[in-house]
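To start, the structure under review is shown below, and the notes come after it.
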Amino acid sequence: MGALTLSNVTKSFGKTDVIKGVSLEVSEGEFCVFVGPSGCGKSTLLRMIAGLEDVTSGDVILDGARINDLAPAKREIAMVFQTYALYPHLTVRDNMGLALKQAGVARAEIIAATDKAAAMLSLQPLMDRRPAELSGGQRQRVAIGRAIVRRPKLFLFDEPLSNLDAALRVATRIEIARLHRELNATTIYVTHDQVEAMTLADKIVVLRAGLVEQVGRPMDLYNDPDNTFVAGFIGSPQMNFLKSGLLGLSSETVGIRPEHLTLHPGGGQIRGRVNHVERLGGETLVYVTTVQHGMLTVRMFGEHNYDVDADIGVDFDAAHLFHFDAAGKRLR
Amino acid sequence: MHKARHSPARSIAAHAILIAWTVIALFPVFVIVINSFKSRKAIFGDPLALPLPENFDLVGYTTVLAQGDFFQYFLNSLIVTVASLFFVLLFGAMAAFALSEYRFRGNTLMGLYLALGIMIPIRLGTVAILQLMVASGLVNTRTALVLVYTAQGLPLAVFILSEFMRNVSHDLKNAGRIDGLSEYTIFFRLVLPLVRPAMATVAVFTMIPIWNDLWFPLILAPAEEVKTITLGSQVFIGQFVTNWNAVLAALSLAIVPVLVLYLIFSRQLIRGITAGAVK
């Protein structure tokens, strides 16, 4: 259950093309993350899969059946929203059971299903409360519980962690990963946060301006990006981009991850000035301003001390360079 | 943090302004009410004096109540106001939901067309309305008034409610769609409760002009059995003699139902109930 295929799907609002032809396979049980900057169309694509937006052209196929024209409720999907979207007038139990009630499931069965979902998310003590009486984290757990209760073919998450604070975000992220292992359900998850994408996904789809830039496993995207956009978007801190000509290389630009740069106070191929140092305990980030290549980020493990404004040299490991052409395409 | 915004001087000044405004606004009402309890001589002798035991007189009220049909007038006003209010809120909210929720060709144009009524007074069309009512045999019916007042109230209702409905969480409506709720259920069970404060605002703004209106009852429904209270009170105002006791008593009584309706809606106005729906 739950294999999704998008074939050349497009979406236009009037004359504006928001999704410009996306083809994608999500196999059964896979955790697929749509990631991209805001306005790239990732949420629109998710809403098209959910049936909340019409598909302008192309096919959305779930388990072999074309679902383009099916109402959202008939698609056997469940969705978790950024703003939780709990029904304010219903208790937690009724919120979770509403979809089953609408589908005409017997009361006893609904209670069994909601109890089971509540146990998975430790929501039992909250079952008779209303959303207004819950904290943000609890509300999002209820929203996830509401999705689980339906036993859908496909789980859709629309930036579910964006409204939570940092600590809760990590905890809920781990919980979502655990739930996915337990339920083994096909999941599509939208986020603009590449850390969420990297930590949760089996497969990441990087979108930009309505087009798929690259699809792959997190480490494939990190270690083998197709273009400068993916190379820059995946990984934090961002990849450094250097001008090849100045280094005597034939490509247009080369990219290198911050951890593959090293600092040499006396020498180094590129000279610059220390702009800022961030000490995070486990690692140290040094930002170096260079005349030729702009700002470079150097990432070192452990604690290091560098004086701001000191002259410094930066060296790189040629084996870790990524070469790109003028259009930003990777040269392999 | 809370303290910093509440310096005593500023709070006194704010209260002074608000109290002054309240006094000015309530003064005419106060004069009407006190004079309705005084004898005719006392009304003209000192209109601003409170009723004292020696000039206390309920003659106005006894005249009004003895007039017989007064209860009927009240009932007419109440029926017309409540029915108009019901239709304005129902159709206004439905139109506002459609305008704010669905993308369709001519959406903006339709919104402008519906808002046009705010700028053009409905009384300009009185003659045509009267012809329409005569042709459809609705003259001297409460239905005629309800229809006209519904048309009169809708533009503002659509305008205000569509603004509020745009702010209702799209996620919430979409969650309802995924759970299999019909558009009607989403409208009545999810959206309407969240815009209740806006509905109350619209209700108050719609109700008061309807209750106070003299124009349309006079033209469309002047018959005895469908007269509204405002029109009914006019029997005491004559060309040569005006029975001030009765007029003031009738007006005082007319304040009561509208006050009750206002209190009902203002409680809703204050109770913000969006809590819990979204962060």
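In this structure, the amide hydrogen of A:Ala3, modeled 1.01 Å from its nitrogen in the peptide plane, lies closer than 5 angstrom to those of A:Asp63, counting only residues at least 5 positions away or on a different chain. Loop-resident trypsin sites (Lys or Arg not before Pro) (DSSP state other than H, G, I, E or B) in the range A:1-53 with no more than 13 further Cβ atoms inside 10 Å of their Cβ: A:Lys15.
Semi-axes, largest first, in whole Å: what does sqrt of 5 times each Cα gyration tensor eigenvalue give for the range A:106-205?
Working from the Cα gyration tensor, I get semi-axes of 24, 17, 10 Å.
Ellipsoid fit via the Cα gyration tensor, the protein assembly as shown: semi-axes of 67, 31, 24 Å, each the root of five times an eigenvalue, largest first. Taking the range B:193-232 and a reference point 7 angstrom along Cα→Cβ of B:Val241, no backbone N atom is nearer than 14 Å. Exposure proxy shown here: for B:Thr228, A:Thr56, the number of other Cβ atoms within 10 Å sets the order, fewest to most, as A:Thr56, B:Thr228. The angle between the Cα long axis of helix A:136-149 and the longest principal axis of the Cα atoms of chain A comes to about 60 degrees, rounded to the nearest 10.
Basic side chains Lys and Arg get +1 at the Cβ, acidic Asp and Glu get -1 at the Cβ, and with that the dipole of chain A about its Cα centre reaches some 960 debye.
This ranking places B:Trp244, B:Trp211 by how few other beta-carbon atoms lie within 10 Å of each, fewest first, which gives B:Trp244, B:Trp211. Going 7 Å from the Cα of B:Val127 along its beta-carbon direction, which residues of the range B:207-224 have the amide nitrogen within less than 18 Å of the resulting point? Inside the label zone: B:216, B:219-220.
Projecting the Cα atoms of A:Leu86, B:Ala151, B:Val82 onto the charge dipole of the protein assembly as shown (Cβ charges, centred on the Cα centre) puts B:Val82 farthest toward the positive pole. Extension gain for the segment B:Ala223 to B:Leu75, taken as residue separation times 0.36 nm less the Cα-Cα distance, is 51.9 nm to one decimal.
Largest mean-square fluctuation among A:Val170, A:Val298, A:Val254, in a Gaussian network model of chain A whose springs join Cα atoms under 10 Å apart, belongs to A:Val170. Only helical runs count toward this figure. For chain A, summing -39,500 (n - 2.57) over DSSP H runs of n ≥ 4 and dividing by all residues gives -7500 deg cm²/dmol at 222 nm. For the range B:1-135, the Cβ-based charge dipole about the Cα centre amounts to some 600 debye (Lys, Arg positive; Asp, Glu negative; other atoms uncharged).
For a quick check, take a GNM of chain A with Cα springs below 10 Å and name the residue from A:Pro72, A:Pro37, A:Pro125 with the largest mean-square fluctuation. Maximum fluctuation in the GNM of chain A, among the listed residues, is at A:Pro125.
Whole-Hz Karplus values for the range A:119-131 come out as 5, 5, 10, 6, 9, 3, x, 9, 4, 9, 8, 9, x Hz, taken residue by residue from phi with 6.51 cos²θ - 1.76 cosθ + 1.60 and θ = phi - 60°; glycine and proline positions read x.
B:Ala223 sits among other residues whose Cβ lies under 15 Å from its own Cβ, and their net charge, with Lys and Arg +1 and Asp and Glu -1, is -1. Taking the DSSP bridge list for the protein assembly as shown and keeping only pairs wholly inside it, about 75 percent are antiparallel.
Projected label points at A:Ala310 and B:Arg103, each 7 Å from Cα along the beta carbon direction, are separated by 5.6 nanometres.
Summing Lys and Arg as +1 and Asp and Glu as -1 over all other residues whose Cβ lies under 15 Å from the Cβ of B:Val31 gives a net charge of 0. Taking each of A:Lys203/A:Lys243; A:Lys42/A:Lys101; A:Lys11/A:Lys74; A:Lys15/A:Lys243; A:Lys42/B:Lys173; A:Lys42/A:Lys153 in turn, the alpha-carbon distance tops 26 angstrom for A:Lys203/A:Lys243; A:Lys42/A:Lys101; A:Lys15/A:Lys243.
Each label point was placed 7 Å from the Cα along the Cα-to-Cβ direction; for A:Asp317 and B:Trp215 their separation is 8.4 nm.
Give the calculated FRET efficiency between B:Asp46 and A:Ala167 to the nearest 0.05, with a Förster radius of 60 Å applied to their Cβ-Cβ distance. Here the calculated transfer efficiency is 0.25.
The simple Förster model, with R0 at 45 Å and r as the Cβ-Cβ distance, assigns A:Lys116 and A:Glu278 a FRET efficiency of 0.50.
How far is helix B:107-119 tilted off the main Cα axis of chain B, in degrees rounded to 10, range 0 to 90? The angle comes out near 10 degrees. Per-residue Karplus couplings for the range A:26-42, computed as 6.51 cos²θ - 1.76 cosθ + 1.60 with θ equal to phi - 60°, are listed in order as 10, 7, 4, x, 7, 9, 10, 10, 8, 10, x, x, 5, x, 7, x, 5 Hz, Gly and Pro entered as x. Out of B:Gln72, B:Ile19, B:Pro53, whose Cα points farthest toward the positive end of the dipole of the range B:1-80 (charges: +1 Lys, Arg; -1 Asp, Glu; placed on Cβ)? Farthest along the dipole direction, towards plus: B:Ile19. Distant-in-sequence amide contacts of A:Met79, defined by a placed amide H-H separation under 5 Å and a gap of 5 or more residues or a different chain, comprise A:Leu156. With R₀ set to 41 Å, the beta-carbon distance separating A:Asp128 from B:Met94 gives a calculated FRET efficiency near 0.75.
Estimated from helices alone, the mean residue ellipticity of chain B at 222 nm is -22000 deg cm²/dmol (sum of -39500 (n - 2.57) over DSSP H runs with n ≥ 4, per residue). Quick check for you: which residues of the range A:212-252 have the amide N under 15 Å from the point 7 Å beyond the Cα of A:Thr289 toward its beta carbon? Nothing falls inside the zone, counting backbone N under 15 Å. Working from label points 7 Å from Cα in the Cα-to-Cβ sense, the A:Phe13 to B:His15 distance is 4.9 nm. Since only B:Val127, B:Val195, B:Ala9 are under comparison, the one whose Cα sits farthest along the positive direction of the charge dipole of chain B, derived from C-beta charges on Lys, Arg, Asp and Glu, is B:Ala9.
Using Cβ point charges alone (K and R +1, D and E -1), the dipole size of the protein assembly as shown about the Cα centre works out to roughly 1040 debye.
Computed from the coordinates by the stated procedures, all read-outs in this text should not be read as laboratory data. Note that the structure is predicted; figures quoted are calculated from it, not measured. Positions of Cβ are backbone-derived with ideal geometry, glycine not excepted, and every protein chain shown enters the neighbour counts.
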